[in-house]
Amino acid sequence: MQKYLFVSICILFFACSVPEYNTVPPDVIPKEKMVGILYDMHLAEGVIAIYPSKGDSNARRALGYYEIIYKKHSTTKEEFKKSYDFYIAHPVLMDSVYTNMIEKLNEKELLLRK
């Protein structure tokens with residue numbers, strides 16, 4: 001009986017702490033902005049994959065694109081890295097970010113196919 005009581009208390013404790021675990025702190029890039037940044041990064045990586053360069057390495061080109069993306073979204077590489085690490089540590093939030101980003105990519109694909 002004590003075993004079931006202990007398990008019930010643990011479940012209750014973790015269930016109550018889940019929303020706090022899945023909230024984005026103020027020093028982390030918000031989900032909507034993160035979706036936009038990752039969207040642009042995946043588009044840039046797609047361009048690099050389709051049009052490989054002969055002179056520069058693809059990694060060097062990617063870094064150039066990333067700098068433009070950071071500027072576009074008014075962020076820095078360090079802020080992005082810190083935020084990305086936060087989302088990686090919170091899989092429910094990262095799943096939500098990638099779900100929204102994939103929807104955005106699908107919308108763009110449908111628009112381009114018309």
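Heavy atoms of the protein only, probe of 1.4 Å, neighbouring chains included. What is the accessible area of residue 90 in Å², nearest 10?
30 Å²
Starting from the Cα of residue 108, draw a straight line to each of the lysines and keep only those under 20 Å, dropping any in the same chain fewer than 8 residues away.
31, 33, 72
Got a sec? What order do 82, 54 fall in by accessible area at 1.4 Å, biggest, i.e. largest, first? Could you put the intermediate results ahead of the total?
Numbers: 82 100, 54 205 Å².
Sorted descending by solvent-accessible area, the residues read 54, 82.
Could you go through region 103-114 in sequence order and give the Karplus-derived ³J(HN,Hα) for each residue, using 6.51 cos²θ - 1.76 cosθ + 1.60 with θ = phi - 60°, rounded to whole Hz, and x for Gly and Pro?
Ordered by residue, 3J(HN,Hα) equals 4, 5, 5, 5, 4, 5, 4, 4, 4, 6, 6, 6 Hz.
The values are calculated or read from the model by the stated rules, or taken from the named source; none is laboratory data. Everything numeric here is computed off the predicted structure, so don't read it as measured data. Side chains are part of the model used for accessible areas, which takes the heavy atoms of the whole protein and leaves out ligands, DNA and RNA. Shrake-Rupley method; radii C 1.70, N 1.55, O 1.52, S 1.80 Å.
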